[in-house]
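Below is one structure, written out as structure tokens; comments come after it.
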Amino acid sequence: MELFFNPFDNLLCILLGISFTVWFTLLLVFIIVPAIFGVSFGIRRLYMKTLLKIFEWATLRIERGAKEKNHHLYKPYSNAIIAKDPTSLEEEIKEIRRSGSNKDLDSVSEFEMSDIFYFARRGVESIMDDEVTKRFSAEELESWNLLTRSNNNFHYISLRLTVLWGLGLVIRYGILLPLRVTLAFTGVGLLVFLTSVIGRLPNGRMKNLLSEKVHLMCYRICVRALTAIITYHDSENKPKNGGICVANHTSPIDVIILASDGCYAMVGQIHGGLMGVIQRSMVKACPHIWFERSEVKDRHLVAKRLSDHIQDKSKLPILIFPEGTCINNTSVMMFKKGSFDIGATVYPVAIKYDPRFGDAFWNSSKFGMVNYLLRMMSSWAIVCSVWYLPPMSREDGEDAVQFANRVKAAIARKGGLVDLLWDGGLKREKVKDTFKEEQQKLYSKMLVGTQEDRSRS
């Protein structure tokens, strides 16, 4: 019996050996080696163009099938539901008073009952067209990218379309996902091992040079683990040593996207588990800034650590995401003022993802990190554009909040994003009383100002 199965076992072992040899040879030649030298064969660009043609055909097929069956197609709102004119509180209340009364505005009392209609209307508008909470859900698509997670129009249309979707499922989970997981483990494993080795070298130019090369190589391998196709613009504005790089934040992979084109000193809280192992190995080779959990809320300590770092011009620029949370690739929300209050040169960076190939937004209240990474690695690709903006410095008479808003506005304009004043912390917190008090102050100021004007006259 044993002799009967031996030839079969040997043949199976030989086939498995050949398969693994071919797999890792292709991996080494077409992915890892190009990542080491920072070159590309153009395979990912060709892959992206092919996908676009398939998506266009699938979308047209859905629209034609829906028209034949008289089905209504869902179309997401590209703009706000309610058209709003940029008018002030005072102007709108005067308009309400003018339309509801024949009396001269100068002779009306300080308060009129009709004023409440302004606040009631604004409240209803906020409920119907909330510009804040919708920034914490996935960006909607008008076309179908063969992912059931990304389109509300997904239902049976035709056999050909269903077969194409099934074939895409096999390709993504049967071919791309194993390949990407292999690359991810390779990149992270090399990062931990090589940075630990480099950390044993004496401090000096050689250690810094090797550290930069290793970080770039490992991050480029990780980028390929996502089949990320990145276009960098205006590279002459790339952040320099002694400065702070600030960028809008859509996903945890923003770090990999930026670090595959240049080296940065990371800032963050110390974690346990695998993330803690990676952090401890990285800090041996490069002066990253990690904080204990108890230190994160100490603003003075954080500011001092950042300030000490940027004063040393030999150290890498610091990478910070001032929003403090992930926003869904449609807007930029309030920047925390801490990184703008230490007097450093700020290098703004705008990141914009193309959601047609895969949604990069991390909804941390809905998906855990492992689930999120699985969704990323089972998407078609991650396609994005990165713009390096000219460096900006704090102007005379400008406080940290004004400087942060100016930088945020520049990033929003360059990335084609909506500039919002709201705090991203509203993802998990209630609206602060200060926002309500601000509206009350504006209204009371209008009333007091009206009274003072009449007393002068």
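The values are calculated or read from the model by the stated rules, or taken from the named source; none is laboratory data. Quick caveat: nothing in here was measured; it's all calculated off a predicted structure. Cβ sites come from the backbone with ideal geometry, for glycine too, and all protein chains shown count toward neighbours. Protein only, heavy atoms only, side chains kept; ligands, DNA and RNA dropped before computing areas. Shrake-Rupley method; radii C 1.70, N 1.55, O 1.52, S 1.80 Å.
Kindly report, to the nearest 10 Å², the accessible surface of Lys441 as traced by a 1.4 Å probe over protein heavy atoms only.
About 130 Å², rounded to the nearest 10.
Please go through region 295-401 and write out the GluC sites (Glu not before Pro) that DSSP classes as loop and that have at most 11 other C-beta atoms within 10 Å. Walk me through the numbers on the way to the answer.
Working: sites: Glu295, Glu323, Glu395, Glu398; in loops: Glu295, Glu323, Glu395, Glu398.
Qualifying residues, ordered by number: Glu395.
What's the local net charge at Leu51, with K and R +1, D and E -1, over the other residues with C-beta under 12 Å away?
Details: positive: Arg44, Arg45, Lys49, Lys53, Arg172, Arg356; negative: Glu56, Asp354.
In short, +4.
In whole Hz and in residue order, list the ³J(HN,Hα) couplings for region 317-325 that follow from phi through the Karplus curve 6.51 cos²θ - 1.76 cosθ + 1.60, θ = phi - 60°; x for Gly and Pro.
x, 7, 9, 9, 10, x, 5, x, 7
Taking square-rooted eigenvalues a ≥ b ≥ c of the alpha carbon gyration tensor, is region 259-407 rounded, prolate or oblate, where a/c under 1.5 means rounded and, failing that, a/b exceeding b/c means prolate? Don't jump to the answer; show the numbers that get you there.
Numbers: a/c = 1.74, a/b = 1.25, b/c = 1.39.
Here region 259-407 falls in the oblate category.
Under the classification rounded if a/c is under 1.5, otherwise prolate if a/b is larger than b/c and oblate if not, where does region 193-300 fall, given a ≥ b ≥ c as square roots of the Cα gyration tensor eigenvalues?
Verdict is rounded for region 193-300.
Taking loop as defined by DSSP and a crowding limit of 15 other beta carbons within 10 Å, which chymotrypsin sites (Phe, Trp or Tyr not before Pro) in region 245-332 fit? Walk me through the numbers before you get to the answer.
Working: sites: Tyr264, Trp290, Phe291; in loops: Tyr264.
Here no chymotrypsin sites (Phe, Trp or Tyr not before Pro) fit, given the DSSP loop and packing criteria.
Subtract the Cα-Cα distance of Phe30 and Glu437 from 0.36 nm times their separation in residues, and report this length gain in nm to one decimal. Let's see the in-between values first.
On the way: separation 407, 0.36 × 407 = 146.52 nm, distance 5.93 nm.
This chain segment gains 140.6 nm when fully extended.
Compute, for Arg160, the solvent-accessible surface of its heavy atoms (probe 1.4 Å) with the complete set of protein chains present, and express it in square angstrom to the nearest 10.
The value for Arg160 is about 150 Å².
From the phi of every residue in region 203-208, what ³J(HN,Hα) in whole Hz does the Karplus formula 6.51 cos²θ - 1.76 cosθ + 1.60 yield, where θ is phi - 60° and glycine or proline is x?
Each residue of region 203-208 in turn: 4, x, 5, 5, 5, 5 Hz.
Which of the pairs Lys207/Lys414; Lys240/Lys408; Lys336/Lys366 have their Cα atoms more than 29 Å apart in this structure?
Beyond 29 Å between Cα atoms: Lys207/Lys414.
What is the sum of charges around Thr186, taking Lys and Arg as +1, Asp and Glu as -1, for the other residues whose C-beta is under 14 Å from the C-beta of Thr186?
On the way: positive: Arg180, Arg220, Arg224; negative: none.
The answer is +3.
May I ask you to order 356-362, 233-239, 404-410 by the average number of other C-beta atoms within 10 Å around their residues, highest value first?
Working: 356-362: 24.3, 233-239: 13.7, 404-410: 19.4.
Ranking the peptides 356-362, 233-239, 404-410 by packing returns 356-362, 404-410, 233-239.
Using the Cα gyration tensor of region 159-247, with a ≥ b ≥ c the square roots of its eigenvalues, what is the shape: rounded (a/c below 1.5), prolate (a/b larger than b/c) or oblate (neither)?
Working: a/c = 4.99, a/b = 1.85, b/c = 2.70.
Oblate is the answer for region 159-247, as a/c is 1.5 or above yet b/c matches or exceeds a/b.
Got a sec? Which residues in region 219-253 would a label at Ser393 touch, if it sits 7 Å along Cα→Cβ and we count backbone N under 20 Å?
Within reach of a label on Ser393: 236-246.
If we sort 248-257, 306-315 on the protection proxy, mean other Cβ atoms within 10 Å, highest first, what's the order? Mind showing how you got there, number by number?
Working: 248-257: 21.9, 306-315: 14.4.
In decreasing order of mean packing, 248-257, 306-315 become 248-257, 306-315.
Nearest 0.05, what FRET efficiency do Asp308 and Leu447 give at R0 = 45 Å with Cβ-Cβ as r? Please report the intermediate quantities before stating the final value.
Working: r = 50 Å, r/R0 = 1.10.
In this case the efficiency is close to 0.35.
Once the other residues with Cβ under 13 Å from the Cβ of Leu164 are scored (Lys, Arg +1; Asp, Glu -1), what is the net sum? Could you put the intermediate results ahead of the total?
Numbers: positive: Lys53, Arg61, Arg160, Arg172; negative: Glu56.
Around Leu164, the charge tally is +3.
Across region 360-372, in residue order, what do the Karplus-derived ³J(HN,Hα) couplings come to in whole Hz, using 6.51 cos²θ - 1.76 cosθ + 1.60 with θ = phi - 60° and x for Gly and Pro?
Using θ = phi - 60°, the values come out as 7, 5, 9, 8, 5, 7, 10, 10, x, 4, 5, 4, 5 Hz.
Taking R0 as 45 Å, what FRET efficiency do you get between Phe291 and Trp57 from their Cβ-Cβ distance, rounded to the nearest 0.05? Kindly include the intermediate steps, with their values, before the conclusion.
Working: r = 50 Å, r/R0 = 1.12.
For Phe291 and Trp57, the calculated efficiency is 0.35.
Report Val283's accessible area, 1.4 Å probe, all protein chains in place, as a number in Å² to the nearest 10.
Ignoring ligands and nucleic acids, Val283 comes out at about 60 Å².
How do Cys384, Cys263 stack up against each other in accessible area, from largest to smallest, with a 1.4 angstrom probe?
Values: Cys384 5, Cys263 25 Å².
Listed by decreasing accessible area, they come as Cys263, Cys384.
Accessible area of region 235-348 with a 1.4 Å probe: how many percent of it is carbon plus sulfur? Before the final figure, lay out the partial values.
Working: 2600 of 4780 Å².
So the carbon and sulfur contribution to the accessible surface is 54 percent.
Between Leu421 and Met206, take the C-beta separation as r, use R0 = 51 Å, and let me know the FRET efficiency to the nearest 0.05.
Values: r = 47 Å, r/R0 = 0.93.
The calculated FRET efficiency here is 0.60.
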